[in-house]
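Scroll down for the structure; my scribbles are underneath it.
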Amino acid sequence: MASIFTKIIQGEIPSYKVAEDKNYYAFLDINPNAKGHTLVIPKKEVDKLFDLDTETYAGLMQFSYKVSKALEKTVTCNRVGMSVVGLEVPHAHVHLIPINRVSDINFTSKKLSMQHDDFVKLAKEIASNFEA
Ligand code: 5GP
């Protein structure tokens, strides 16, 4: 069965997209740790990040690099942190999170509450700062 992220890529499940190319897709996490929390995924569906073939893995890092630049331009933060978990969704992904303190990247901390309109506006801003 297709993963929830494959359904997002295919448009079966809506998402707040910030960037996309032929092989990768980036969108806002629906339950963000901090403002701008973005998931970057390969379109190829593989469960674990380190089971990706090395070309797809390297491409995911390059695409994440470009997304991080757009996040830095959009969200005021000390830096963009990167994290890999994968315990909830079995489709390889990295979390890019604009952080100011270590609790911003702690997945057991309280989540940020955001409304639909806030997600739409933020995704548009990040997308407009994304340079392919
Ligand atoms: P992990 O698999 O790395 O433990 O966590 C998966 C992440 O995906 C979580 O931060 C969760 O909030 C996010 N997530 C799960 N389902 C959806 C979804 O349908 N849409 C979006 N945008 N994010 C999701």
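The values are calculated or read from the model by the stated rules, or taken from the named source; none is laboratory data. Predicted model only: the values in this text are computed from it and were never measured. Every residue, glycine as well, gets a Cβ built from its backbone with ideal geometry; the counts of neighbours run over all protein chains shown. Side chains included, ligands, DNA and RNA excluded: accessible areas come from the protein's heavy atoms. Shrake-Rupley method; radii C 1.70, N 1.55, O 1.52, S 1.80 Å.
Identify all residues within the stretch 49-107 that are basic (Lys, Arg) and without any contact (Cβ under 8 Å) to a residue 24 or more places away in the chain; write none if there are none.
Arg79, Arg101
Of His95, His116, which residue is of a type outside the set (Val, Ile, Thr) and within 14 Å of the chain's Cα centre (by Cα)?
Criteria check complete, one pass: His95.
Considering only the stretch 43-59, how many residues are surrounded by 14 or more Cβ atoms within 10 Å (Cβ to Cβ) and either within 14 Å of the ligand (Cβ to nearest atom) or modelled with pLDDT under 95 (or both)?
The number of residues fulfilling the criteria is 3.
Considering the stretch 67-91 alone, what residues qualify as being outside any loop (DSSP other than H, G, I, E, B) and open to solvent by less than 70 Å² (accessible area, probe 1.4 Å)?
Of everything in the stretch 67-91, those that are outside any loop (DSSP other than H, G, I, E, B) and open to solvent by less than 70 Å² (accessible area, probe 1.4 Å) turn out to be Val67, Ser68, Ala70, Leu71, Thr74, Val80, Gly81, Ser83.
Kindly indicate whether Gly11 is away from the ligand (no atom under 11 Å from the Cβ), on the phi > 0 side of the Ramachandran plot and in contact with a Pro (Cβ under 7 Å, 6 or more places away or on another chain).
no
What strands (runs of 3 or more DSSP E) completely inside the stretch 1-57 contain at least 1 residues that are of a type in the set (Ser, Thr, Tyr)?
Result: 24-28, 38-42.
If I ask for residues that are open to solvent by 70 Å² or more (accessible area, probe 1.4 Å) and touching a strand residue (DSSP E or B) at 6+ places or on another chain (Cβ under 6 Å), which ones from the stretch 92-132 would you list?
Residues satisfying the conditions do not exist here.
Report yes if Phe27 is surrounded by 19 or more Cβ atoms within 10 Å (Cβ to Cβ), away from the ligand (no atom under 13 Å from the Cβ), within 20 Å of Ser128 (Cβ to Cβ) and at pLDDT 95 or above, otherwise no.
Taking the combined requirement at face value, the residue does not satisfy it.
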